[in-house]
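Take a look at the structure set out below.
Each reported figure results from applying straightforward, stated rules to the coordinates on display, with no laboratory input. Remember, it's a predicted structure, so these values are computed and weren't measured experimentally. Here the Cβ is made from the backbone with ideal geometry for all residues, glycine too, and neighbour counts use every protein chain on show.
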Amino acid sequence: MGWTALFGRPAKRTTWRSGAAALAGLALFAVGACSSPSPSGGGGDEGQDTFTIGVSNGFVGSEWRTQMLDDVRTVFDTYKQQGVVDELVVESADVDVNGQIQQIRNLINTGVDAIIVNPNSPTALNAVFTEAKQKGILVVATDQAVQSQDVTNVVIDQGEWARRSAEWLAEQLEAGDSVGVVNGVDGHPANEARWAAARQALEDGQVKIETVTNGDWDQATGQQVTSNMLASHPDLDGIWTQDGMALGVFQAVKGAGKLDDLVLTGEARVGFMRQWADQRQQGDFETIGVVNPPGVAGSALHIAVRMLQDKQLKSEVVSDGNTVYVPIPDVVTNENFDELWAEVQDEPDAYALDGTISAREADTYFR
C-alpha cells in the first residue's frame, strides 16, 4: 500500500529543553542522536549541506499529537544518521492561532530550513507562512491542510477518512433513523473537512442528523457531551464520532445502558479496541475504526527532505495546487479486528494504529 505499518512500535522518550527563542511560554525542544536505519532514498552525499527542521504543533490536548511528534523524531533520526539533517527544533504547546503564529516566527528566527506545521486554522496563518517563504524556508502542513499556496500539504484525505465511517453508519441504519454527532475542535481544518464529508454521507444515506456537538478530540469531554446528548435526545438510533473521543462516547452509551439500542462508530485506538474486544466476546457487537495515522507527520518529513534537496513533485500527485495525499493505512472492522488487535493489544490505551510512507515510497512522489 506504500506505507510502513508502525503497529506495536514502542513509544519513544522526548527530551525537552528551554531556550531564548521559546517566547510567550511556548515549549521548545531539540532532538539529536539516532538509532534507526537509513532510508533508501534521500541524500547524504559527501559535502552536502545538512538541514535543520522545525515543527510547529499548536494543540496538545490529545495523545495523538504526542505520538505524532514521536513519529517525526523516528523519521528524523534516520536522516540524522545519514547526515542529511542536523537538528530538529519543535515548538509544541496548547495555543490559539496567535500563539501558533509566534511558534512559527520563533522557528523562522532560529533559522530552520523547513517547518512542518500541524495548523490550527486553514487560513489564519497565511501571513506568517508568507514570511517563512520570503526567508527561503520551506513550509509543509501535515495532518490538516491549509489553503496558502506558500505551503505544501502532506495529509491524508480527511474528508475520505470521515466518509468511510459515516457511510458505514448509514448502512447499518434505516432511512429516517436519527443520529447524534460528536465532532472535534470547531474551526480546525481536519474537523471542518471531516464534518463536511460525514454530513454529506449521512444525508445521502437518508439519515436524520438530530444533534451535533463538539468533544474537542478529548475522551473525557466526549463522554460528557455524549451523556448530555443522550439525556436530551433519548430516541437516537446512532452516534457518529471522530477519533480521540470514541472511547468516551462508548463509555457514556454503556453507562446509560444503551449499547444494544445505538449503532456507534469507533476509532482505531487501543483503548477503544480493548472495549471492542470485550464486547465481541460478550455478544453481537459491531463498529468501525478508520486509522488516522500520527505517522502522517513522518510522511511529511520524508517529502520535505526531498523538496529541500530540490527534487520536484510529480504533477499527478499534487491536488488543488498544493496538496499531496498519502494513504489511509487501514480500516478496522469486525472482519479484520482479530488480526489487528493481536498486533497492538499490549500497547497503552492512548496508542493509535499508525503508519507512514517509506523513504522508497516517498521517492515515487518525485520526478
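Brief remarks on what is shown
- Condition check for Asp86: part of a strand (DSSP E or B) and touching a Phe, Trp or Tyr at 6+ places or on another chain (Cβ under 8 Å): yes
- Among the residues listed as Ala256, Ala246, the single one being in contact (Cβ under 8 Å) with a residue 40 or more places away in the chain and not hydroxyl-bearing (Ser, Thr, Tyr): Ala246
- Checklist (1) without any contact (Cβ under 8 Å) to a residue 12 or more places away in the chain; (2) more than 24 Å from Arg163 (Cβ to Cβ) applied to Gln251, failing item: (1)
- For Ala231, the conditions (1) in contact (Cβ under 8 Å) with a residue 40 or more places away in the chain; (2) closer than 20 Å to Gly257 by Cβ all hold with the exception of (1).
- Test: residue in the stretch 334-357 that is in a loop (DSSP other than H, G, I, E, B) and under 30 Å from Thr50 (Cβ atoms): yes
- One residue from Ala198, Ala231 being under 21 Å from Arg163 (Cα atoms) and of a type in the set (A, V, I, L, M): Ala198
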